[in-house]
Amino acid sequence: MPQAHGVCDRFMGSLRRECLDHMLILDGRYRQLVVQEYAAYYDQERPHQGIGQSIPEQYALSESNPSSGHIVMRAILGGLHHNYARATNPN
């Protein structure tokens, strides 16, 4: 499928620019772990320009007030990227 080549090329370019160009990969097993973590980040947390800065896999919205709760940061790929989200309120 010709459309699939564009999607694959876009992902591979993002993987190289946003991840592999900034890391020292010493063996194949480590490379595989890095690519798997980046692919999960790419699909689940990274906004995409082509779909209006939306995230491909939308998370279920909690019923709590979206403006309440502390913002927590999660480091991805050893701090190369970060994800910010509101902590859920246990009350």
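The values are calculated or read from the model by the stated rules, or taken from the named source; none is laboratory data. In this text, all values refer to a predicted model and were calculated from it rather than measured experimentally. So basically every Cβ, Gly included, is an ideal-geometry build from the backbone, and we count neighbours across all protein chains shown.
From the residues in the stretch 40-50 that are modelled with pLDDT of 75 or more and of a type outside the set (D, E, K, R), which one is farthest from residue 76 (Cα to Cα)?
So the first thing to find is which residues in the stretch 40-50 are modelled with pLDDT of 75 or more, and the list is 40-48.
After this cut, where a residue has to be of a type outside the set (D, E, K, R) as well, the list is 40-42, 44, 47-48.
Numbers: 40: 10, 41: 8, 42: 11, 44: 12, 47: 15, 48: 17 Å.
Here the answer is 48.
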* Total residues in the stretch 21-39, condition over 21 Å from residue 74 (Cβ atoms) and either among the aliphatic types (A, V, I, L, M) or in a loop (DSSP other than H, G, I, E, B) (or both) -> 4
* Selection from the stretch 53-87 of residues that are over 16 Å from the mean Cα position of the chain (by Cα) and at pLDDT below 70 -> 60, 61, 62, 63, 64, 65, 66, 67, 68
* Structure fact -> Pairing a residue in the stretch 27-49 that is loosely packed, with under 12 Cβ neighbours inside 10 Å with any residue that is outside any helix (DSSP H, G or I), where Cβ atoms lie under 9 Å and the two sit 6 or more apart in sequence or on different chains, gives 47/53; 47/54; 47/55
